[in-house]
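Notes for the one structure printed next.
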Amino acid sequence: MSNYIVLVKQVPDVSQITDNAFDPDTGTLVRSRLASVINELDAQALAFANKMKRDSGDKAGRIIALSMGPPMAEEVLRYSLSRCADIVILLTDRALGGADTVATANPLAFTIRKIVREILKNDNNYYVITGMQSVDGDTAQVPAQIAEELNLPCIAYVTDAEFKSNRFEFTRIISGGSQTVAAKKLPAVITVAKYEYPLFATFSRTRWANKTKVISWAASDINATHIGVTGSKTSVIRVFPPGKSTRKCQQISDADSLVKVLVESFRSGNGQTGKNGQAQTPRYVLPNKRASLFYRSFEGTKKEQEDYEILTEKLKELGITKTDQIDDAVREKILAAAGENFHKKALEDMIEGFKLTKSSFEGEVWVVAEHSDSVVHPATFELIGKARELADSLETKVGVAVAGYNIESMAEDLIAAGADNIYVIEDKLLRVFDPAAHRRAIADAISTYWPQIVLYAATPQGRMLAPMVSYRVSCGLTADCTGLDIKDSSRKGDIGLLLQTRPALGGNVMATIRTKNSRSQMATARPGVMKRIPADLSRKGKIIRYKVRLSEDDISLEIIKTELGRGEVNFNAACVVSGGKGMQSRDNYEHLMGLLCDALNKKLDTQVERGASRAAVEQGFIERVHQVGQTGTSIGPKLYIALGISGAIQHMIGVANTETIVAINSDPNAPIFKQCDYYIVGTVEDTIPKLVQALEVK
Ligand SMILES: Cc1cc2nc3c(=O)[nH]c(=O)nc-3n(C[C@H](O)[C@H](O)[C@H](O)COP(=O)(O)OP(=O)(O)OC[C@H]3O[C@@H](n4cnc5c(N)ncnc54)[C@H](O)[C@@H]3O)c2cc1C
């Protein structure tokens, strides 16, 4: 008999954002002004647990829903009871507030231990089931960190489960395809990426749900080791609105006009530069390499920057060149000039800050390489490019940790891409990616060499490995970064910090985060955002072989089947046309694609390649090798045409470097319309023949 502990979270409803939800002064989204709902993927996880219980034919298994949050989070537990939960538990305590993922995973893991002890009577035959991520955090870190704390196998990004020979086999999303796996032992943590069979509440079940007791536990009931702000290993230092899209987002009313702009932008290349609209900032230099020790223009926040400007200006005026010249009289003059900006204590801290010249963290800047079949994932090369920039600023080396079997041959390419030291961790047991074994290998190497920064690609693999490793080595981690910069917080005594910027709340705000209480600063970074530097085959680097002791017990998953896209696709073509689920059928896809690609090929005199969304591949419209996106291929053609594609983040990440994006979609509110240059609202069946006709006009 299996039991199911389902984690459900109450989140702000980011699908219904009204204008008054934004702070008029800062332009940022105010979370408390949004309605609260159950996190959609957790609702799917609940339905998934119900399916597992049903498919196993085991009526005695219990579904226990667990939520951590304020008292009002009881609502999502009542929702769970009214669908399928048998028991619900709310972990609620002010002391738990303000937590990052470590200080969320830790108390949840301790609560699961208490559930197992007191409710399941130490029966270890259970699954922890949860949505892949929550819409407010979007990190996907908590489930992996719970698995790490409880030392359980973790199967992430699951889309299906099949009960076979008395156990479950899970289908999950991996880079380049999908995989079927089973946990080698129970309990296990499962994260659900997609399960579109919602549960509905019946009248009688809703009545029962309203009468049923919600078990409420406080922090003192679970004795967790990391809670709230103090137990967190990251802190948010700035929240700001996302920059306006640099896409044109222009609606076109008819096929003739679309063909006109499409041909023009293809020929003139006047679309995006494909660089994500990121502003170039001056490269960081350590204080002892600056023209003056008083030069503090790399402070992490605007306030710190402005305060130092006032201070250095006044010091210049007073002819002060050394900190020991700052006596009481000088202090008085500075405070008078500062007015309301800062007071005595802040001034003392800022003066102390001038004495700091060395980076607060020590060690190399590392990238954890991702690879499959001896091929390095493109995102690894992008990260090495970023690591090179960070390491040059910090005057240290770039290290790449690569774990696997027969992998040394990759070292040459990694060095050419900008690495200095390649830490090769070879073992037969690392031949294929197993989260637990690879986490052990990488975490051991990190705690031997202690790099100051560790970067991972925000791919399904990196987003699984990084939280486990960071939790194991007690370091903070920021997910899905789109910006990584070195800055100081001189008055707080910190020099050379890695500031990590990422989208949050479904991309509606940006947050800059720093690591605290950690020996190393860790981040996953979105593929396609950081820039790869051109390979330099003359670069020299060192191979350092690191031995890790592994046994069969370190392998947590049995891999039953892996399906990867194979075949020849030329995604370097200047024009790529992709079809999504909106193409309706394989026949439609082939027919309409054939017509449009031929017409474009003739009109633009260029090769036109076919692409697809993941959903279209899963519908069988075309082979997986054509998939574009986070777990497909990232492309950067001159012209990208998306047909019947909604514009999910995982798809759009893969086309961020495209010059011109055109979309055709029947839904006037399709999210892709806010991320493209030109669009037509219409069905593909109706619009494509008209487009073809317009393209055929000489
Ligand atoms: C870890 C992970 C990795 C992923 N990686 C990828 C990835 O690499 N690539 C990827 O694409 N996705 C990926 N996904 C899936 C992604 O989240 C979306 O589910 C997927 O991109 C949706 O594909 P779609 O737009 O074709 O389908 P849908 O979201 O179902 O959208 C179909 C669209 O077609 C429109 N439509 C319907 N009928 C018509 C018609 N007759 N004419 C015109 N328009 C019509 C609809 O309005 C809708 O907008 C990943 C998800 C996860 C969790």
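A few notes on this one:
- Sorted on the mean count of surrounding Cβ atoms within 10 Å across their residues, most packed first, peptides 525-537, 131-143 read 131-143, 525-537.
- Whole-number accessible area per residue in Å² for the chain, which is evaluated in the context of all protein chains at 1.4 Å: 43 Å²
- In this structure, the amide hydrogen of Tyr546, modeled 1.01 Å from its nitrogen in the peptide plane, lies closer than 5 angstrom to those of Val424, Ile425, Glu426, counting only residues at least 5 positions away or on a different chain.
- Judged by the ratio a/c of the largest to the smallest principal axis of the C-alpha gyration tensor, the chain counts as rounded, that ratio being less than 1.5.
- With a Förster radius of 30 Å applied to the beta-carbon distance between Ser245 and Asp160, the computed FRET efficiency rounds to 0.30.
- Cross-link pairs beyond the 29 Å C-alpha cut-off, checked among Lys114/Lys185; Lys248/Lys690; Lys531/Lys690: Lys531/Lys690
- Selection from Ile425, Leu477, Trp450, by position along the positive dipole direction of the stretch 393-502 (Cβ): Leu477
- 5 angstrom amide H check on Ala401, placed H, neighbours 5+ away: Val367, Val368, Ala369, Tyr423
- Apportionment of accessible area to carbon and sulfur, the chain, percent (1.4 Å): 48 percent
- Nitroxide proxy distance, nm - points 7 Å out along Cα→Cβ at Ser216 and Asn122: 3.1 nm
- Cα gyration tensor shape of the stretch 178-235, rounded if a/c is under 1.5, else prolate or oblate by comparing a/b with b/c: oblate
- In the stretch 461-564, Cα pairs under 8 Å separated by at least six residues give a relative contact order of 25 percent.
- Farthest towards the positive end of the charge dipole of the stretch 287-381, among the residues Asn288, Ile320, Ala338, is the Cα of Ile320, using unit charges on the Cβ of Lys, Arg, Asp and Glu.
- Subset of Lys355/Lys386; Lys302/Lys638; Lys355/Lys542; Lys638/Lys698; Lys51/Lys211 violating a 31 Å alpha-carbon distance limit: Lys302/Lys638; Lys355/Lys542
- Between Gln607 and Lys114, the contour length at 0.36 nm per residue exceeds the alpha carbon distance by 171.4 nm.
- Spacing of the two label points (7 Å from each Cα toward its C-beta) at His591 and Arg94, in nm: 6.6 nm
- Solvent-accessible area of Asp324 with every protein chain in place, 1.4 Å probe, in Å² to the nearest 10: 130 Å²
- Order of exposure, largest accessible area first, which applies to Arg502, Arg519, Arg117, Arg331 with probe 1.4 Å: Arg519, Arg117, Arg331, Arg502
- Aspartates and glutamates with Cα under 20 Å of Lys492, excluding same-chain neighbours fewer than 8 positions away: Glu299, Glu304, Glu306, Asp307, Glu309, Asp324, Glu340, Glu348, Asp349, Glu352, Glu362
- Positive-end extreme of charge dipole, the chain - chosen from Thr606, Phe110, Ala574 (charges on Cβ): Phe110
- Relative contact order, percent, the chain [alpha-carbon distance under 8 Å, six or more residues apart]: 15 percent
- The stretch 9-65 versus the stretch 86-115: alpha-carbon centroid distance in Å: 17 Å
- Estimated distance in nm for a label pair at Glu306 and Lys333, the labels positioned 7 Å out from Cα along Cα-to-Cβ: 2.4 nm
- The listed peptides 420-429, 204-213, ordered by packing as a protection proxy, come out as 420-429, 204-213 (highest mean of other Cβ atoms within 10 Å first).
- Using a Förster distance of 45 Å, the FRET efficiency for Arg549-Asp349 (Cβ separation, nearest 0.05): 0.45
- The stretch 504-535-the stretch 383-439 distance, computed between alpha-carbon centres (Å): 18 Å
- Structure note, pairs Lys233/Lys581; Lys233/Lys561; Lys53/Lys213; Lys289/Lys345; Lys233/Lys397; Lys244/Lys345: Cα-Cα distances above 32 angstrom occur for Lys233/Lys581; Lys233/Lys561; Lys244/Lys345.
- Protection proxy ranking for 446-459, 616-629, 289-302, using the average of other Cβ atoms within 10 Å per residue and placing the highest first: 446-459, 616-629, 289-302.
The values are calculated or read from the model by the stated rules, or taken from the named source; none is laboratory data. The structure displayed is predicted, hence computed values, not measured ones. Using ideal geometry, Cβ is built from the backbone for each residue, glycine included, and neighbour counts are taken over all protein chains shown. We work out accessible area using only protein heavy atoms, side chains counted, and drop any ligands, DNA or RNA first. Shrake-Rupley method; radii C 1.70, N 1.55, O 1.52, S 1.80 Å.
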